[in-house]
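A quick write-up on the structure given underneath.
The values are calculated or read from the model by the stated rules, or taken from the named source; none is laboratory data. What you see is a predicted model, and the numbers here were worked out from it, not measured in a lab. Cβ: placed from backbone, ideal geometry, glycine included. Neighbour counts: every protein chain shown.
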Amino acid sequence: MATIFVSIPLVVRAVAPVLEEIGDDQEQAARTLGAGPVQTFRRITLPSIRGALAYGVVLAAARSLGEYGAVAVVSGRLVGRTQTVTLLVQERYLNFDQETAYACALLLVVTAVLALGVSRLLAPKEIKR
Amino acid sequence: MSIIVRDVGKSFGDFAALTDVSVEIPTGSLTALLGPSGGGKSTLLRVIAGLESPDTGGVEIEGRDATRLPAQDRGVGFVFQHYAAFKHLTVQRNVAFGLEIRKRPKAEIKEKVRELLELVHLEQFAHRYPAQLSGGQRQRMALARALAVEPQVLLLDEPFGALDAQVRKELRAWLRRLHDQVHVTTVFVTHDQEEAMEVADSIVVMAQGKVEQVGSPDELYDAPANDFVMSFLGPVTKLDGQLVRPHDIELFTETRPDTTPALVDRVTRLGFEVRVDLTVGEEEVWAQVTRGTLDQLGIEEGRTVHVRRAAPVRAAAV
């Protein structure tokens, strides 16, 4: 929950400018051609923002990986239940289990780099420019 | 009557876009909504299409009250100024969209799309994406897409507004021919009087959210209801405090009944036409004459001529 709260703006930031740029002409055109609101969203709106949406989600996922503060405050850090990897790293480290801590941290780094790579691939042209 | 608009009013905040507008558009006609920007013509078109709902009044399409009907159930085709092409679909799929929504059999869709692409001369572009087409081609695609669902009325919002002059001229003539072929009741919005006069059977002149006059291009040109319509539909100049068409001013070298002496300030040759700027008393007037008349009368700058109005012209409104 806490993670969604801090990372959702990234999705919005990625999608909003694309929505703004395409305007509502296409949606209106779909309506005059007989499409209902649901059909219009599924067949016109969603495909137009697909790239931006995926980009935003990956970006948000990458951001979530490293989230510590918000989760630490809200989750209660119950080991094995509400503990995220970042919290695990901290917990292990404080327990002098450096090896596990480093391993988990490395795992996080690799995932984050992967996510970054994927986001580069997915980035809509408008954002790359 | 195909479309009946009754006492429609529509405001956006404090701005009254339409005030008690009533228009009747006969079945099978090609009608232009003409007027200056912000005159309410696009709003009226969108009210007919169901893209805006009127605050007051009602809309009837082919005898059916459509006031509360959502856009998708009105049986209208709408063409937007900026094409509104579905960018992620090919030309073929764009045109097929309305038919796919209606779940028509695949074979029928294929046949219909082929027919329409032929009609708009885009057969060879069926598998391209809109981004790979020129503006004119995109607009023709948008037209085919609108026609695919066999609408009862076809509505075009400044369809050629975003195109360059050459393409615009071509598409105008093409739209006229298309209408003669398809006969669907068509309404298009334009702020270009030449476009309206060239393409439409009848013109609805609108300004400041009101209908100023409805009539055929000739009626509007020859018998404008007021000064606004007169000056909007063609060039005007003022003689004796009345609006006159510059080509209705007669020039003579000697006095005739009802003539006034005038000083020739400037003669501008524009090919076949010649523009003559005159000073009549304190007023500046200009007349449009042909080259032949000019040479015949030997009019040149600095000379005094005698002018009068040729045809009887209605008195200018107060």
Subset of region B:250-303, residues of a type in the set (A, V, I, L, M, F, W, C), in contact with a Ser or Thr (Cβ under 9 Å, 6 or more places away or on another chain) and without any contact (Cβ under 8 Å) to a residue 24 or more places away in the chain, comes to B:F272, B:V274
Looking only at residues in region B:138-153 that are within 8 Å of chain A (Cβ to nearest Cβ) and of a type outside the set (G, A, S), which one is farthest from the chain's Cα centre (by Cα)?
B:V149
Looking for whichever is outside any strand (DSSP E or B), more than 30 Å from B:T190 (Cβ to Cβ), within 36 Å of the chain's Cα centre (by Cα) and of a type in the set (V, I, T) here; the options are B:T255, B:T279, B:T293. Which one fits?
B:T293
State the number of residues belonging to region B:1-22 that are touching a residue at least 12 places away in the same chain (Cβ under 8 Å) and over 25 Å from B:Q181 (Cβ atoms).
15
Condition met for B:L69 (farther than 25 Å from A:P47 by Cβ, away from every other protein chain (no Cβ under 14 Å) and not small (G, A, S))
no
Give the residues of region B:160-198 that are outside any helix (DSSP H, G or I) and out of contact with any His (no Cβ under 9 Å at 6 or more places or on another chain), sorted by residue number.
B:F160, B:L163, B:D164, B:H183, B:V184, B:T185, B:V187, B:F188, B:V189, B:T190, B:H191, B:D192
Residue check, B:Y129 against (1) surrounded by 16 or more Cβ atoms within 10 Å (Cβ to Cβ); (2) more than 22 Å from B:R176 (Cα to Cα); (3) at pLDDT below 90; (4) away from every other protein chain (no Cβ under 12 Å), all met but one. Which one?
(3)
Helices (runs of 4 or more DSSP H) enclosed by region A:1-72 - at least 3 residues per element that are buried (at least 19 other Cβ atoms within 10 Å of the Cβ) and either in contact with a Leu (Cβ under 8 Å, 6 or more places away or on another chain) or of a type in the set (S, T, Y) (or both)
A:2-22, A:25-32, A:46-65
Part of a helix (DSSP H, G or I) and farther than 21 Å from A:Q28 by Cα - does that describe any residue in region B:131-139?
yes
Enumeration of residues in region B:145-173 that are surrounded by fewer than 22 Cβ atoms within 10 Å (Cβ to Cβ), of a type in the set (G, A, S) and over 23 Å from B:G40 (Cα atoms):
B:A165, B:A173
Boolean, B:S11 is in contact with a strand residue (DSSP E or B) (Cβ under 8 Å, 6 or more places away or on another chain), more than 13 Å from chain A (Cβ to nearest Cβ) and either closer than 30 Å to A:S48 by Cα or in a strand (DSSP E or B) (or both)
yes
